[in-house]
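The values are calculated or read from the model by the stated rules, or taken from the named source; none is laboratory data. Owing to the predicted nature of the structure, the values given are computational and were not obtained by experimental measurement. Here the Cβ is made from the backbone with ideal geometry for all residues, glycine too, and neighbour counts use every protein chain on show. Heavy atoms of the whole protein, side chains included, go into the accessibility calculation; ligands, DNA and RNA do not. Shrake-Rupley method; radii C 1.70, N 1.55, O 1.52, S 1.80 Å.
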Amino acid sequence: LDSSHQPARAMAETRPLVTVFGPEGTKPSVVSETRLPAVFSAPIRPDLVRFVHTNMAKNKRQPYAVHTQAGHQTSAESWGTGRAVSRIPRVAGGGTQRSGQGAFGNMCRGGRMFAPTKIWRKWNRKINVNQRRFAVASAVAASAVPPLVMARGHVIDQVPEMPLVIGGGIESVKKTAQMVKVLATYGAEGDLKKVKDSKKIRAGKGKMRNRRYTMRRGPLIVYDAADGIQFAARNLPGVDLVQVERLNLLQLAPGGHMGRFCIWTEAAFKKLDAVFGNGTEAAALKKGYVLPQAPMANADLARIINSDEIQSVVNAPKESTSVKKVKVNPLRNKRVMEELNPYIRTMRELEQKQQEDRKAARASRVAAARANSERKTASKAFFDKANEEGEVIF
């Protein structure tokens, strides 16, 4: 391969060549190898795929609404106030249960619904062209990642390689039996059986509206020229076909879940660079469109930071010299209180002196009281006199 014409590849893309298998035989046979198109290195964006799918799926809806006169096909008028009943319109007349019953309101039996649906609702959604293309490119890239394909529920244990490319005139196969043999040869038989076993009657009223059965999705066959392959695979349950220039997100990511099991014909696989571009130049079939590129070639950020190249030029970790100041209660800590209020020491000394003066004055009063013997003698005599029986005369 001429490296001058190859786009810059992602670091995680370790397999630039893809095997092309042949449709003949009962065992996989290698025909040739081809270069992996640049679209498979597009960023995988499940958020964008889900957003675009949600809006695209709304564009197939049919308008529906209730009848404009539903709930209002009766003569009813409010009784007004003063009759101890609510002011809801009531059916006129008499002689029947219906007369006097509430009408029109959504809380009434036989009334209209709240906010009756209208057919002029905004049914369709516009999606930016670049967003649609980005979502399709992400879904195509995800179809080559086996864990994503298996997480979507596809049975690919026996598939020899992902993405699976079959050449050798596969597009000219016209018989369904021959197509079944080819799919069985390359390990898609398990996925077909899963689809066949999943057919169930739909729960709900959809079974009465021409969608009676539900079924899982099987492989998506992508071809370039409709030389008969569209007839060979169209009757297989769960198998969808799409032309490579008409890749549709609704088929590449059913339900908004990327990772559809895709089987590519060799011609369609080689045409992907013309449809999406080679990653550096504009696509031939999309005017001015260049494939989106991931901001980071390697998303393993921890490995990048810890690499020798980065660690050799970064500064050494800085040690913090600041000491966290512990808050101290100044009411319990004298030193902190003196820093906040330098006069507190003088106040404390004055308070201590006043306390000592009060203590000395009290001691002198007690000593003087104890030294007064005449008062003690009079008090004892009064006590003895009060303890005598009979009338006490002072």
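Structure notes:
- Residues satisfying the stated conditions in region 21-50, i.e. closer than 30 Å to G255 by Cα and either touching a helix residue (DSSP H, G or I) at 6+ places or on another chain (Cβ under 6 Å) or aliphatic (A, V, I, L, M) (or both): L36, P37, A38, V39, F40, A42, I44, R45, L48, V49, R50
- Any hit, region 310-318, residues being under 28 Å from M162 (Cβ atoms), outside any helix (DSSP H, G or I) and at pLDDT below 95: no
- Residues located in region 97-114, provided they are out of contact with any Phe, Trp or Tyr (no Cβ under 7 Å at 6 or more places or on another chain), under 12 Å from G71 (Cβ atoms) and assigned to a loop (DSSP other than H, G, I, E, B): A103, F104, G105, M107, C108, R109, G110, M113, F114
- Any hit, region 161-178, residues being modelled with pLDDT of 95 or more, surrounded by fewer than 20 Cβ atoms within 10 Å (Cβ to Cβ) and under 28 Å from the mean Cα position of the chain (by Cα): no
- In region 149-172, the residues that are farther than 9 Å from F261 by Cα reach residues that are β-branched (V, I, T) and in a helix (DSSP H, G or I) with C-beta atoms within less than 6 angstrom, at least six apart or across chains, in these pairs: E171/I229.
To keep it simple, each residue is scored yes or no on (1) at pLDDT 95 or above; (2) in contact with an Asp or Glu (Cβ under 6 Å, 6 or more places away or on another chain).
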{"residue": "S41", "(1), (2)": "no, yes"}
{"residue": "F51", "(1), (2)": "yes, no"}
{"residue": "T54", "(1), (2)": "yes, no"}
{"residue": "G94", "(1), (2)": "no, no"}
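- Of all the residues in region 129-143, those that are in contact with a Cys (Cβ under 9 Å, 6 or more places away or on another chain) and of a type in the set (V, I, T) number 1.
- Subset tally (residues that are open to solvent by 100 Å² or more (accessible area, probe 1.4 Å) and closer than 26 Å to M179 by Cβ) for region 212-230: 2
- Residues that are over 29 Å from E281 (Cα atoms) and in contact (Cβ under 8 Å) with a residue 12 or more places away in the chain within region 22-54 comprise G22, P23, E24, G25, T26, K27, P28, V31, T54, listed in sequence order.
- Cβ-Cβ contacts under 8 Å between residues 6 or more apart (or on different chains), taken from a first residue in region 119-138 that is open to solvent by less than 70 Å² (accessible area, probe 1.4 Å) to a second residue that is at pLDDT below 95 and of a type in the set (G, A, S), are listed as F134/A42; A137/A42; S138/A42.
- For region 35-74, the set of residues classified as open to solvent by 80 Å² or more (accessible area, probe 1.4 Å) and over 25 Å from K122 (Cβ atoms) consists of R45, Q73, listed by residue number.
- Qualifying residue in region 140-154 (condition: outside any loop (DSSP other than H, G, I, E, B), open to solvent by 30 Å² or more (accessible area, probe 1.4 Å) and farther than 26 Å from L249 by Cβ): no
- From the list K194, K207, the one residue that fits, being open to solvent by 60 Å² or more (accessible area, probe 1.4 Å) and either under 32 Å from the mean Cα position of the chain (by Cα) or of a type in the set (V, I, T) (or both), is K207.
- For region 237-287, filtering for residues that are at negative phi and open to solvent by 20 Å² or more (accessible area, probe 1.4 Å) leaves 26.
- Index of the failed condition, K325 passing every other in (1) out of contact with any Pro (no Cβ under 8 Å at 6 or more places or on another chain); (2) at pLDDT below 90; (3) surrounded by 10 or more Cβ atoms within 10 Å (Cβ to Cβ): (3)
- Annotation: Y343 fulfils all but one of (1) modelled with pLDDT of 90 or more; (2) open to solvent by less than 100 Å² (accessible area, probe 1.4 Å); the unmet one is (2).
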